[in-house]
Amino acid sequence: MSATSPSVRKLYLVLAVIGAIAPYAYFIAFFAQNGLELQALYTAWGANLATKGLGMDLLFSAIALTIWIVIETLANRNWPALWAIPATFLIGVSCGLPLYLFLRSRPV
């Protein structure tokens, strides 16, 4: 089975959808408890060293993924793959990476 086979592409898409839904389920629950208070969310992300470390891990993963997306998109002219960048920063790497793999593996 190759990375561009239809079944693998479907798996990437399923992972992108799950990667969008799972984090937002927690965000919605947080906002239900705290209201749309972004300062409370920011404070929660820095609550302890473990959450700060996780945040830094995700930030640098998102930056590395973005660089990879831009370089490959410029080389291959697969412009729809650029949709993975806003997905990465507005939803998360859990959505952006599998979405990029899905878009990257399409026949061009």
Checklist entry - Between Leu11 and Phe89, what FRET efficiency comes out of the Förster formula 1/(1 + (r/R0)^6) with R0 = 25 Å and r the beta carbon distance, rounded to 0.05? => result 0.60
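Report, in deg cm²/dmol and to the nearest 500, the calculated mean residue ellipticity at 222 nm for the chain, where each DSSP H run with n ≥ 4 adds -39500 (n - 2.57) and the sum is divided by the residue count.
The per-residue figure over the chain is -26000 deg cm²/dmol.
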Checklist outcome for this item: Hits in region 4-32: amide N under 13 Å from the 7 Å Cα→Cβ extension of Thr43, namely none
Checklist entry - For the chain, what is the Kirkwood hydrodynamic radius in Å, using each pair of distinct C-alpha atoms? => result 15.1
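Can you sort Arg106, Arg77 by solvent-accessible area, 1.4 Å probe, largest first?
Details: Arg106 75, Arg77 150 Å².
If we order Arg106, Arg77 from most to least accessible, we get Arg77, Arg106.
Given contacts defined as C-alpha pairs under 8 Å and at least six residues apart, what's the relative contact order of the chain, whole-number percent? Walk me through the numbers on the way to the answer.
On the way: 89 pairs, mean separation 43.9, N = 108.
In percent, rounded to a whole number, it is 41.
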Next on the checklist: Nearest 10 degrees is fine. How inclined is helix 49-76 to the longest principal axis of the chain, computing both from alpha carbons?
Outcome noted: 20
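When only the heavy atoms of the protein chains count and the probe is 1.4 Å, how do Glu72, Glu37 rank by accessible area, highest first?
Working: Glu72 35, Glu37 90 Å².
Descending accessible area places them as Glu37, Glu72.
The values are calculated or read from the model by the stated rules, or taken from the named source; none is laboratory data. Everything numeric here is computed off the predicted structure, so don't read it as measured data. Ideal geometry is used to build each Cβ from the backbone, glycine not excepted, and the neighbour counts take in all protein chains shown. Calculation scope for accessible area: heavy atoms of the full protein, side chains included, ligands and nucleic acids excluded. Shrake-Rupley method; radii C 1.70, N 1.55, O 1.52, S 1.80 Å.
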